[in-house]
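Structure record follows, encoded as structure tokens.
Read-outs: derived from the displayed coordinates by stated rules, not from any lab. Not measured: the values here are computed from a predicted model. We place every Cβ from the backbone using ideal geometry, glycine too, and count neighbours over all the protein chains shown.
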Amino acid sequence: MRKIRTGIFGLNPLLDGGFNEHSTTVVIGASGAGKTTFATQFLRRALVEGQEGIFVSLDENKEQIIREAVEMGWSDILDYLDDELLVFIDASGREFSSFIRKELPAFVDDWRGANARIAIDPLTPVMWTTKDPYDQRDLIGFMLKETRKVGTVLATLEEHGPGDLTGAETIIPMYLADSVIHLRYRPLEGPNSRRLKIVKARSTRHSELSHPYHIVKGLGLIVEQGEFRPRGGARIPSQLKVLLEQKKTLPPAVRERVGKALELLTDDDFRGLKPEEVFSYIIGEYEEG
Ligand SMILES: Nc1ncnc2c1ncn2[C@@H]1O[C@H](COP(=O)(O)OP(=O)(O)OP(=O)(O)O)[C@@H](O)[C@H]1O
Ligand SMILES: [Mg+2]
């Protein structure tokens with residue numbers, strides 16, 4: 001799977017290099033967490049390389065979003081608009097289900113084969129078009145499936161309530177997306193309360209820690225690496241491999257299969273498990289009893 005840089009400073013190492021190309025990511029956070037900033041930053045990363053960015057706005061109108069970006073110190077966004085590298089789909093105030101079922105597929109047809117970045121900010125109003133969870137799942141699923149045909153997708157989602165991802169409105173999008181990033185923000189605790197956590201990320205190694213992040217004018221989100229170490233050594237996998245090779249009573253197919261799997265692993269994958277321990281579990285599975 002090919003990786004693309006996220007555009008968020010400090011985030012790529014936490015995702016083993018970035019987002020998987022043509023994947024879908026949902027960024028969840030309370031008001032003021034930095035969702036729109038994240039989405040804009042993600043698109044700008046493509047623009048700077050001469051690739052297209054598509055901003056699908058369901059809430060604020062185009063002018064408002066541009067004004068905020070300029071306010072953030074990103075006035076070059078106006079040039080990208082002129083060059084038609086940055087494209088806006090302003091669906092604010094529209095009837096979302098017909099927009100998603102009819103206009104979106106027509107747009108996707110036009111763009112088929114492109115390798116753009118698509119930001120949907122925020123996905124929340126789509127959830128509110130119906131109370132029926134089956135319909136919600138259908139609509140969100142359809143929207144993500146369609147947009148990913150055009151490129152790598154990032155959708156934001158508002159978080160209401162205590163800010164610990166327990167809100168009912170986040171469950172369906174969290175299931176459907178390939179990756180979920182939580183921007184925890186508690187305004188009453190002040191600006192230093194911001195924490196980013198990768199809740200899930202399909203088909204990639206990723207940090208499972210909670211990372212302080214900051215929003216800096218002109219730069220956007222900056223994520224601290226903290227205790228996270230990108231790729232550790234491979235001492236445990238190699239010791240385990242030696243143990244398995246010495247154990248001649250193991251079926252050769254098992255030795256080969258596990259040996260192959262170990263080649264891809266590092267010490268971090270074992271999270272404190274000892275090689276002898278893992279070895280005994282594997283032996284236990286195949287030993288005659
Ligand atoms: N021009 C700016 N200069 C400095 N900080 C800014 C600037 N614009 C935004 N911020 C900071 O970024 C924060 C998040 O803004 P952003 O609009 O991205 O949040 P959001 O999660 O999209 O909020 P909402 O749900 O209300 O749309 C603001 O609360 C503010 O602290
Ligand atoms: Mg916003």
Kindly rank 135-146, 76-87 from highest to lowest mean number of other beta carbons found within 10 Å of each residue.
135-146, 76-87
For SER23, enumerate residues with amide H under 5 Å from its amide H, sequence gap 5+ or separate chain, H modeled in the peptide plane.
VAL153
Using Cα positions and a limit of under 14 Å, work out the aspartates and glutamates in reach of LYS241, with same-chain residues fewer than 8 apart set aside.
GLU256, GLU263, ASP267, GLU276, GLU277
Ratio of the Cα radius of gyration of the range 69-111 to 2.2 N^0.38 Å, where N counts its residues
1.49
Let me know the shape class of the range 133-289, please: from the alpha-carbon gyration tensor, a ≥ b ≥ c as square roots of the eigenvalues, rounded when a/c is under 1.5, otherwise prolate if a/b is greater than b/c, or oblate.
prolate
Backbone HN-Hα couplings from phi across the range 169-179 [Karplus 6.51/-1.76/1.60, Hz, Gly and Pro as x]:
6, 9, 4, 5, x, 5, 5, 6, 6, 6, 10
For the chain, what is the relative contact order in percent, using Cα pairs closer than 8 Å and at least 6 residues apart in sequence?
22
Mind pulling the angle between the C-alpha long axis of helix 252-263 and the longest principal axis of the chain? Nearest 10 degrees, somewhere in 0 to 90.
50
Taking the Cα centre of the range 235-284 as the origin and placing charges on Cβ (Lys, Arg +1; Asp, Glu -1), which of THR266, SER238, ILE283 is farthest toward the positive end of the dipole?
ILE283
Does a label point 7 Å from the Cα of PHE142, set along Cα-to-beta-carbon, have any residues of the range 109-130 with amide nitrogen under 14 Å, and which are they?
126-127, 129-130
What nm distance separates the two modelled labels at LEU78 and ARG2, each placed 7 Å from Cα along Cα→Cβ?
3.4
Could you sort 256-268, 40-52 so that the peptide with the highest average Cβ count within 10 Å comes first and the rest follow in order?
40-52, 256-268
What translational diffusion coefficient, to the nearest whole µm²/s, does the chain have by Stokes-Einstein, given a Kirkwood radius computed over alpha-carbon pairs, a temperature of 25 °C and 0.890 mPa s viscosity?
118
Modelled FRET efficiency - R0 51 Å, ASP90 with GLU276, Cβ distances, 0.05 increments
0.25
Angle in degrees between helix 133-147 and the longest Cα principal axis of the chain, rounded to the nearest 10:
90
Please give the net charge around ASN61, taking every other residue with its beta carbon less than 14 angstrom from that of ASN61, where Lys and Arg add +1 and Asp and Glu add -1.
-3
Treating the angle as unsigned and between 0 and 90°, give the value, to the nearest 10°, between the Cα long axis of helix 35-47 and the longest Cα principal axis of the chain.
80
What number comes out for the charge environment of THR166, summing +1 per Lys or Arg and -1 per Asp or Glu over other residues with Cβ under 15 Å away?
-1
Whole-Å semi-axes of the range 148-237's equivalent ellipsoid (Cα gyration tensor)
23, 20, 15
If packing is taken as the average number of other Cβ atoms within 10 Å across a peptide's residues, how do 191-197, 163-169 rank, most packed first?
191-197, 163-169
Suppose a student asked you for the relative contact order of the range 125-282, using Cα pairs under 8 Å spaced at least 6 residues apart; what percent would you report?
12
Computed on Cα atoms, the radius of gyration and Dmax of the range 235-284 in angstrom are 10.1, 29
Taking only C-alpha pairs under 8 Å that are 6+ residues apart, what is the relative contact order of the range 235-284 in percent?
58
Magnitude of the charge dipole, the range 235-284, Cβ model with Lys/Arg +1 and Asp/Glu -1, debye to 20:
200
